[in-house]
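**Student:** Let me give you the structure first, and then I'll get to my questions.
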Amino acid sequence: MRVQKYLSRAGVASRREAERMMEAGRVRVNGEPATSMGLQVDPDADVVELDGRRVEIPRPRWIAFNKPAGVVTTSDDPQGRPTVYDALDGAGDGLRYVGRLDMLTEGLILMTNQGDVLHRLTHPSWQVEREYVVELEEAPDDLPVVLTAGLSLEDGPAKALRAAWDGHRPTRVRMVLAEGRNREVRRMVAAAGGRVAKLRRERYGPIRIGDLEAGAWRPLTEAEVAAIRREVGLAEGGGPGEGSAHGSSDHTRERG
């Protein structure tokens with residue numbers, strides 16, 4: 001694989017960032033400067049270094065975590081609030097989260113050490129679906145229609161791919177987005193004349209939260225990891241998560 005892909009798979013940088021590192025002379029392969037963007041490396045034979053330190057691709061790990069309300073999606077909170085890494089109690093070490101949820105929002109957060117896949121899952125160009133269930137304190141009868149028709153927010157237009165009442169009474173709406181702007185679901189509902197009582201993400205791409213209890217996590221299966229990679233055009237490679245179902249750096253703005 002190319003050096004920049006190797007660095008991305010190792011989780012140290014995106015491919016574009018890796019190219020800038022190479023141009024700056026910070027990357028070496030087998031002791032020689034790696035400045036050619038077409039340079040290929042064998043992960044099993046070649047030694048890749050960044051700033052004099054060896055970089056290795058770790059064994060792929062993926063977990064699904066059901067974030068409870070009151071937990072912040074960050075690696076370190078200056079206000080001292082519990083973070084997803086605190087809640088995971090070591091299970092998230094070495095992993096980065098795929099899309100934030102705000103402190104009050106519950107539900108599915110994927111975590112991985114596969115930087116190249118993570119980058120595509122969160123990049124708007126890949127249009128990866130996120131599905132939410134919104135419980136409402138109040139809402140207009142035509143809320144699903146308004147959400148799918150589109151709304152104007154302070155940071156630009158927003159539109160649900162799909163939205164429908166979840167049940168017979170208009171107290172809960174299920175909606176699907178293909179981006180993850182800051183507090184987007186809450187802002188869309190408010191702009192449409194509704195008020196959110198509770199918000200939960202139930203699906204990210206092909207992965208559903210299922211019956212995973214709040215605060216619990218589980219490793220993804222090989223089939224789930226393969227489905228994620230297909231979703232973002234990286235069908236080769238992958239592998240299962242680790243650990244049991246008992247229950248980093250910041251990189252996206254998604255917060256439900």
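**Student:** Give the stretch 118-167 a look and list any residue that's among the aromatic types (Phe, Trp, Tyr), under 24 Å from residue 64 (Cα atoms) and in contact with a strand residue (DSSP E or B) (Cβ under 7 Å, 6 or more places away or on another chain), or say none.
**Tutor:** Here is the first cut: in the stretch 118-167, the ones among the aromatic types (Phe, Trp, Tyr) are 126, 132, 165.
Applying the additional criterion that residues be under 24 Å from residue 64 (Cα atoms) yields 126, 132.
Passing the criteria: only 132.
**Student:** Go through the stretch 204-223 residue by residue and tally those that are surrounded by 16 or more Cβ atoms within 10 Å (Cβ to Cβ) and assigned to a strand (DSSP E or B).
**Tutor:** Looking only at that region, the number is 5.
**Student:** Among the candidates 186, 201, single out the residue that is assigned to a helix (DSSP H, G or I), within 19 Å of residue 67 (Cβ to Cβ) and not acidic (Asp, Glu).
**Tutor:** Values: 201 fails: assigned to a helix (DSSP H, G or I).
So the residue among 186, 201 that is assigned to a helix (DSSP H, G or I), within 19 Å of residue 67 (Cβ to Cβ) and not acidic (Asp, Glu) is 186.
**Student:** Residue 8 passes all but one of (1) assigned by TED's automatic domain parsing to the domain that holds residue 220; (2) not in a loop (DSSP other than H, G, I, E, B); which number fails?
**Tutor:** Residue 8 satisfies every listed condition except (1).
**Student:** When both residues are 6+ apart or on different chains and their Cβ atoms are under 7 Å apart, which pairs have a first residue that lies in the stretch 41-59 and is within 16 Å of residue 8 (Cβ to Cβ) and not assigned by TED's automatic domain parsing to the domain that holds residue 9, and a second that is surrounded by fewer than 10 Cβ atoms within 10 Å (Cβ to Cβ) and among the charged types (D, E, K, R)?
**Tutor:** Within 7 Å, no pair qualifies.
**Student:** Can you name the condition, by its number, that residue 160 falls short on among (1) in contact with a helix residue (DSSP H, G or I) (Cβ under 7 Å, 6 or more places away or on another chain); (2) not in a loop (DSSP other than H, G, I, E, B)?
**Tutor:** Residue 160 satisfies every listed condition except (2).
**Student:** Tally up the residues in the stretch 175-230 that are closer than 30 Å to residue 93 by Cβ, out of contact with any Asp or Glu (no Cβ under 9 Å at 6 or more places or on another chain) and among the aliphatic types (A, V, I, L, M), please.
**Tutor:** 9
**Student:** Restricting attention to the stretch 46-101, and to residues there that are small (Gly, Ala, Ser), at pLDDT 95 or above and surrounded by 15 or more Cβ atoms within 10 Å (Cβ to Cβ), which single residue is nearest to residue 215 (Cα to Cα)?
**Tutor:** Among those that are small (Gly, Ala, Ser), at pLDDT 95 or above and surrounded by 15 or more Cβ atoms within 10 Å (Cβ to Cβ), it is 87.
**Student:** Looking at 237, 256, 215, which one is modelled with pLDDT under 95, touching a helix residue (DSSP H, G or I) at 6+ places or on another chain (Cβ under 9 Å) and farther than 17 Å from residue 115 by Cα?
**Tutor:** Working: 237 fails: farther than 17 Å from residue 115 by Cα; 215 fails: modelled with pLDDT under 95.
Going through 237, 256, 215 in turn, the sole match is 256.
The values are calculated or read from the model by the stated rules, or taken from the named source; none is laboratory data. Remember, it's a predicted structure, so these values are computed and weren't measured experimentally. Cβ coordinates were reconstructed from backbone atoms using ideal geometry, including for glycine residues, and neighbour counts include every protein chain displayed.
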